[in-house]
Structures are given as structure tokens and as C-alpha cells.
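**Student:** I'd like to ask some things about the structure below.
The values are calculated or read from the model by the stated rules, or taken from the named source; none is laboratory data. It should be emphasised that the depicted structure is a prediction, and the values quoted were computed from it without experimental measurement. Methodologically, a virtual Cβ is constructed for each residue, glycine included, from the backbone with ideal geometry; neighbour enumeration extends over all protein chains shown.
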Amino acid sequence: MHTLTFMVYLIYGVSFWIVYLIIFIQMMRPMYQKYFSSSFFTLAKILAVVDLCGHIVFTCLFKIPISNLFGPLFAKVTPNYGWSVLYFVGYIEEFIRAMLILATTLNRLTSLIWPHSHESRWKTAMPGVIAICFVVPFCLSFQRLFAPTGVIPTDPVNELFVFSTNLLDWYPNELNALTMASFYAIVGTATVIVNLSSLLTLYLYKRDQKLHLHHRKSIRKTEIGLVLVSFGDAVGMMLMTAVQNLQKSEIKKLQHHCNFKLKQDTRSKNCITERNNQK
């Protein structure tokens, strides 16, 4: 079953990578650059790279080790800081993605508020916006680099594993869950509010731009769809936080179980050694 799930996920993942790469390559071609050189598409390109990197890291850390095909290869993995870097990239990517989505919604709103000076304002502000989208997530995730990362068995019989970081003495583990929940609540709510503001701004603009005396341009379905998507993003962020917290609690139980079993095995070996010495 694990192999079938992994193969389905891999087929989906490879298709996802190919589509993203084709879109990204097309956007970077010189003949199309003039169409995709705006501030919005600059943010979209960065978001595409972040999404692609995050998906690859997620596959390496959380899908390959629990597949029957590759799980046994991770049996001898010991906690080290090399895996911590990969775990950190997968962790920070979620924060960066949420920040970039918020930045794109702000970009749409400012294009409606300042249609003529929008691009010049964003070209000036773009380095700062990109820095914020990466620096804020780093400040929320840096502790992951200092926690050795290894594997714990989820199915010792079939040798299936999941990556987990060791606890830090100077950083409470509960703070990770609180930080993630607070971040997604704030950023998700802000994304919805900005999209609603864009919809309201567009409605007011179209109301004032009458083509005829009794004719008004209506809000298009795609514009309403943006707001619905933002609501979906916000709900998805909340659900993802809940699922990750549930996964962390399960991993914590597994760690306790593994430690308890290791202590039992150590005691059994010590008892056998003592008996042999007595004989």
C-alpha cells in the first residue's frame, strides 16, 4: 500500500515539476520577457521556484522514507546537521510561500489604487518586499538549523521511517506549533482582507466608469474567484497547521515509544550479560 501511494504521489509530483518548469522556462525566454517583466510576474516566478523546491524537499523527507522501495536505505541514518538543512528548507518554504501569496495580493490591490504609478512604486519597493518575504520566515524557522535531524521507524518490520528533529533545550518545542498557527492565522486573514479590498475597489471603480447612462460593468466571475481562492488558501493554511500539529504529536509518541523500547532492549542485554558473567 505504501508503494502504491508513493508511486501515485511520484507521478503527480513529476507532472507538477514538468508543468512548473515549462511555465518558468517560457516566462524566462527573451521573446516573452517583455510580457512577464512586471512586478506581479516577478513575484510569481519566485513563488514558482519556492513551490518547486518545497515539493522536492517534501518528497525527499516525507514520502521516500515511508515507501517500501526506498525505506530500508534510511535504516542507518543517524541524527546530523546535514539533514537539518534539508528539513529547514522544507519548513521555511511554507512560510515563504504564504508571504509571497500575500505580496501578490497586495500587488493586485495597489495596481487598482495607483494604476499609473503602480509599476514604478513596486520596482522601487521590490527588493525590500522580497527581503521581508524571506527574512521573516527565517526568523521564525532558524532554530531548525540547530536541531540534529534523523529518522525514527514508523514500521520497524518493513523498515519505513519518518524524519524528525531532536528537541532543543533553549527553544520550547511547543513554540513551533504556536508560531506556525499564529503566522497562518495572521497571514491567511490578511490575504483574505486584501483580496476583499481589491474586489471592493474594483467594484467602486466600475460603478463610476459607466459606458452608458444605465449600463454598468459588472464584477467578473474571475475577480470573485480570486476572493474565493483566498478564502480557500486561508482555510487550507489553518487545516495544514492542524494536520502538522497532529503529525508532530504522533511523531512525539513514536519517539517516546522508540526510546522506551531502546531502554527495554538495553536492560535485556544487560541482564543477559550479567547472567553470562555469573555463570
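**Student:** Taking the condition surrounded by 13 or more Cβ atoms within 10 Å (Cβ to Cβ), part of a helix (DSSP H, G or I) and out of contact with any Lys or Arg (no Cβ under 7 Å at 6 or more places or on another chain), does CYS133 pass? Give the steps one after another, and end with the answer.
**Tutor:** Numbers: surrounded by 13 or more Cβ atoms within 10 Å (Cβ to Cβ): yes; part of a helix (DSSP H, G or I): yes; out of contact with any Lys or Arg (no Cβ under 7 Å at 6 or more places or on another chain): yes.
Yes, satisfied.
**Student:** Where the second residue is part of a strand (DSSP E or B) and modelled with pLDDT of 90 or more and the first is under 11 Å from ILE92 (Cα atoms) and lies in region 139-153, which pairs have Cβ atoms under 9 Å and are six or more apart or on separate chains?
**Tutor:** If the second residue must be part of a strand (DSSP E or B) and modelled with pLDDT of 90 or more, no pairs are left.
**Student:** I'd like to know if region 110-126 contains one or more residues that are of a type in the set (Phe, Trp, Tyr), under 22 Å from VAL50 (Cβ atoms) and either touching a helix residue (DSSP H, G or I) at 6+ places or on another chain (Cβ under 6 Å) or surrounded by 14 or more Cβ atoms within 10 Å (Cβ to Cβ) (or both).
**Tutor:** Filtering region 110-126 for residues of a type in the set (Phe, Trp, Tyr) gives 114, 122.
Checking which are under 22 Å from VAL50 (Cβ atoms) leaves us with 122.
Pick out the ones that are also either touching a helix residue (DSSP H, G or I) at 6+ places or on another chain (Cβ under 6 Å) or surrounded by 14 or more Cβ atoms within 10 Å (Cβ to Cβ) (or both) and you get 122.
Yes, that holds for at least one residue.
**Student:** Please go through region 64-96 and pick out each residue that is charged (D, E, K, R) and more than 15 Å from the chain's Cα centre (by Cα).
**Tutor:** Filtering region 64-96 down to residues charged (D, E, K, R) leaves 76, 93-94.
Hit for region 64-96 is LYS76, nothing else.
**Student:** Right, something else. What about LEU175, is it out of contact with any strand residue (DSSP E or B) (no Cβ under 7 Å at 6 or more places or on another chain), in contact (Cβ under 8 Å) with a residue 12 or more places away in the chain and not aromatic (Phe, Trp, Tyr)? Reasoning before the result, please.
**Tutor:** Numbers: out of contact with any strand residue (DSSP E or B) (no Cβ under 7 Å at 6 or more places or on another chain): yes; in contact (Cβ under 8 Å) with a residue 12 or more places away in the chain: no; not aromatic (Phe, Trp, Tyr): yes.
Here the answer is no, as LEU175 does not meet what is asked.
**Student:** How about region 3-15: which of its residues are hydrophobic (A, V, I, L, M, F, W, C) and surrounded by 14 or more Cβ atoms within 10 Å (Cβ to Cβ)?
**Tutor:** Looking only at region 3-15, we keep the residues that are hydrophobic (A, V, I, L, M, F, W, C), and these are 4, 6-8, 10-11, 14.
Correct list: PHE6, LEU10.
**Student:** Of the numbered conditions (1) at pLDDT below 85; (2) outside any loop (DSSP other than H, G, I, E, B); (3) within 30 Å of LEU200 (Cβ to Cβ); (4) not basic (Lys, Arg), MET27 satisfies every one except a single condition; which is it?
**Tutor:** Going through the list (1) at pLDDT below 85; (2) outside any loop (DSSP other than H, G, I, E, B); (3) within 30 Å of LEU200 (Cβ to Cβ); (4) not basic (Lys, Arg), MET27 breaks only (3).
**Student:** Find the residue count for region 154-191, including only residues that are β-branched (Val, Ile, Thr) and over 16 Å from TYR91 (Cα atoms).
**Tutor:** Start the filter on region 154-191 by keeping residues that are β-branched (Val, Ile, Thr), which leaves 154, 157, 162, 165, 179, 186-187, 189, 191.
Checking which are over 16 Å from TYR91 (Cα atoms) leaves us with 154, 157, 186-187, 189, 191.
So the answer is 6.
**Student:** Would you mention how many residues in region 30-55 are in a helix (DSSP H, G or I) and among the aromatic types (Phe, Trp, Tyr)?
**Tutor:** Here is the first cut: in region 30-55, the residues in a helix (DSSP H, G or I) are 39-55.
Next, only the ones that are among the aromatic types (Phe, Trp, Tyr) stay: 40-41.
Selection size over region 30-55: 2.
**Student:** Further question on the same structure: Among the listed residues SER120, SER84, SER111, which satisfies the condition of being part of a helix (DSSP H, G or I), of a type in the set (S, T, N, Q) and closer than 21 Å to ASN176 by Cβ? Give the derivation first.
**Tutor:** Working: SER120 fails: closer than 21 Å to ASN176 by Cβ; SER111 fails: closer than 21 Å to ASN176 by Cβ.
Going through SER120, SER84, SER111 in turn, the sole match is SER84.
**Student:** Turning to a different aspect of this structure: Among the residues of region 65-74, which ones are closer than 20 Å to ALA147 by Cα and assigned to a loop (DSSP other than H, G, I, E, B)? Give the derivation first.
**Tutor:** First, pick out the residues of region 65-74 that are closer than 20 Å to ALA147 by Cα: 65, 74.
Residue satisfying the conditions is PRO65 alone.
**Student:** Of the residues GLU94, GLU119, only one is within 22 Å of SER164 (Cβ to Cβ), at pLDDT below 95, out of contact with any Lys or Arg (no Cβ under 8 Å at 6 or more places or on another chain) and acidic (Asp, Glu); which? Show your work before the answer.
**Tutor:** Numbers: GLU119 fails: within 22 Å of SER164 (Cβ to Cβ).
On inspection, the qualifying residue turns out to be GLU94.
**Student:** Now, a different point. Tell me, which residue of region 167-188 that is within 17 Å of the chain's Cα centre (by Cα) and hydroxyl-bearing (Ser, Thr, Tyr) is nearest to PHE138 (Cα to Cα)? Break it down stepwise before answering.
**Tutor:** Residues of region 167-188 that are within 17 Å of the chain's Cα centre (by Cα), as a first pass: 176-188.
Narrowing further to those that are hydroxyl-bearing (Ser, Thr, Tyr): 179, 182, 184.
Numbers: THR179: 12, SER182: 16, TYR184: 15 Å.
Restricting to residues being within 17 Å of the chain's Cα centre (by Cα) and hydroxyl-bearing (Ser, Thr, Tyr), the top hit is THR179.
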